[in-house]
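Taking it in order: structure first as structure tokens, then the write-up.
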Amino acid sequence: MPNDEGRRGDQQRPARKVWLTDAPVKEGVAGWRVFDDGRHVSPGELKGNKGDQNYPIPADVNLADYTSVGIWCDRFDVSFGAAALTPA
């Protein structure tokens, strides 16, 4: 059922997860399917597509082991976007 903005409701959209990965960020189509090739951990489902969001990092995760963060869709086995992680 469409919501007030005429878009499909969340229940019809494929689940999108935030992933920390050890994969390099590649631009365009080349980067769509690389993030499930190596190590990855998900701090949770994507909370939305607007505004700031925070995701708790599990205590046993060493951020130095991961080089990128991506939005992953299991249903289509594809990344919806990614960014390189840089040390603070």
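Below, the figures for the structure above:
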| read-out | value |
| --- | --- |
| Global geometry of region 42-81, whether rounded, prolate or oblate, following the gyration tensor of its Cα atoms and the 1.5 cut on a/c | oblate |
| Cα-derived Rg to Rh of the chain, Kirkwood definition | 1.00 |
| Region 16-31 - phi-based ³J(HN,Hα) in whole Hz, Karplus 6.51/-1.76/1.60, Gly and Pro as x | 10, 10, 7, 10, 8, 9, 9, 8, x, 7, 10, 6, x, 4, 4, x |
| Cα lying deepest toward the dipole's positive end in the chain, options I71, N49, G31, charges on Cβ | N49 |
| Long-range amide H partners of V78 with built H, under 5 Å | C73 |
| Per residue, in Å², the accessible surface of region 14-88 once ligands and nucleic acids are set aside, probe 1.4 Å | 66 |
| Whole-number percent relative contact order across the chain, with pairs defined as alpha carbons under 8 Å at least 6 apart | 35 |
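The values are calculated or read from the model by the stated rules, or taken from the named source; none is laboratory data. In this text, all values refer to a predicted model and were calculated from it rather than measured experimentally. Counting neighbours? That spans all protein chains shown, and the Cβs are built from the backbone with ideal geometry, glycine included. Only protein heavy atoms, including side chains, enter the accessible area calculation; ligands, DNA and RNA are left aside. Shrake-Rupley method; radii C 1.70, N 1.55, O 1.52, S 1.80 Å.
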